[in-house]
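The values are calculated or read from the model by the stated rules, or taken from the named source; none is laboratory data. As the structure is a computational prediction, the values presented were derived from the model and not from experiment. All Cβ positions, even for glycine, are placed from backbone atoms using ideal geometry, and neighbour counts span all protein chains on display.
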Amino acid sequence: MDDQAAGSPQDARRVPVCYRHPERETGIRCTRCERPICPECMVDASVGFQCPECVREGRGTGHAPAASVPRTIAGGAVAADPRLVTKILLGINLAVFLAVQVRPSLVRDLYLIGTWPPAPFLPTQGVAEGEWYRLFTSMFTHQEIWHIAFNMLSLWWLGGPLEQALGRVRYLTLYLISGLAGGALTYLLASGTTASLGASGAIFGLFGATAVLMRRLNYDMRPVIALLVINLIFTFGWSNIAWQAHIGGLVAGVVIGYAMVHAPRERRALVQYGTCALVLVAVAVMALLRTAQLT
């Protein structure tokens, strides 16, 4: 069988790959040399993105090479270890899981619950009783091995590329606020005596942000959409799953992710962190409303 000739129509239809990372497909090109570049290699320019070599050489920028600092697509600093925050989050989740295995009663102080026990029993505990920290601690708490295994595999698979694309601070902000949004919606809609725990709200936030990022980079979205649909089927088809946490985290992830990758360069920080602040306000409103209902 003859090989295809170079420059044939079949060859022309191939998706370009990053010139520094041949295994990564990309639809973005350097605005100076026009070589294909992946998110890791993108450096913000006044118009579009440049490759590291053009930035280093100062081609046509009007600045000395040292004046250009490599940035991610969301404006974050390019880190030497693009998975550092993901590794730390994994470590925290695993540490809490081991602590709960050693001391099972600890979980009662960490999970999310509105108020327990129900009236007229006293004393009571829960978010409605002033234990707001449960909205945070429940994000890192797991009891079952399958639960933490599934969440941590998802965190590793989704978190690494997102951390690399957004930068550490923006990625951590996305993770934490998505988890809080999932917890707040659970607190608002679930029974006040229902306990919930797990990182699923934050993980679904990563799902939402990943879909937004892939759309922004013109990647094939079918794999992440298929995986998200499968997870939503499990969410609503399996008992004892806090679907409110999944939906709350997903919505927060989409909103924050969109702000992260679509914010205009000249007021990027204002749009990105302003959006995060608005989501946090929504979290606070849901929590205050539910507290007023339960007390």
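Taken together, Arg222, Arg290 contain a single residue that is more than 21 Å from Tyr171 (Cα to Cα), touching a helix residue (DSSP H, G or I) at 6+ places or on another chain (Cβ under 8 Å) and basic (Lys, Arg), which is Arg290. Checking Ala165 against (1) farther than 19 Å from Cys38 by Cβ; (2) assigned to a helix (DSSP H, G or I): exactly one of these is not met. Which one? Every listed condition holds for Ala165 apart from (1). For first residues located in the stretch 254-281 and without any contact (Cβ under 8 Å) to a residue 12 or more places away in the chain, partners that are β-branched (Val, Ile, Thr) and surrounded by 14 or more Cβ atoms within 10 Å (Cβ to Cβ) and lie 6+ apart or on another chain with Cβ distances below 8 Å form the pairs Pro264/Val271.
For the stretch 192-207, the set of residues classified as surrounded by 24 or more Cβ atoms within 10 Å (Cβ to Cβ) and among the aliphatic types (A, V, I, L, M) consists of Leu197, Ala199, Ala202, Ile203, Leu206, listed by residue number. Here Asn240 qualifies as surrounded by fewer than 21 Cβ atoms within 10 Å (Cβ to Cβ), at positive phi and free of Cβ contacts under 8 Å to residues at least 12 places away in the same chain.
Conditions tested, residue by residue: (1) in a loop (DSSP other than H, G, I, E, B); (2) touching a Lys or Arg at 6+ places or on another chain (Cβ under 9 Å); (3) at pLDDT 80 or above; (4) outside the structural domain of Leu158 (by TED's automatic domain parsing).
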position: Cys33; (1), (2), (3), (4): yes, yes, yes, yes
position: Arg56; (1), (2), (3), (4): no, no, no, yes
position: Gly60; (1), (2), (3), (4): yes, yes, no, yes
position: His63; (1), (2), (3), (4): yes, no, no, yes
position: Gly75; (1), (2), (3), (4): yes, yes, yes, yes
position: Ile88; (1), (2), (3), (4): no, no, yes, no
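Scanning the stretch 137-147 for residues being in contact with a helix residue (DSSP H, G or I) (Cβ under 7 Å, 6 or more places away or on another chain), assigned to a helix (DSSP H, G or I) and surrounded by fewer than 23 Cβ atoms within 10 Å (Cβ to Cβ) gives a total of 1.
Within the option set Leu155, Leu189, Leu162, being under 11 Å from the mean Cα position of the chain (by Cα), in contact (Cβ under 8 Å) with a residue 24 or more places away in the chain and surrounded by fewer than 24 Cβ atoms within 10 Å (Cβ to Cβ) holds for one residue only, Leu155.
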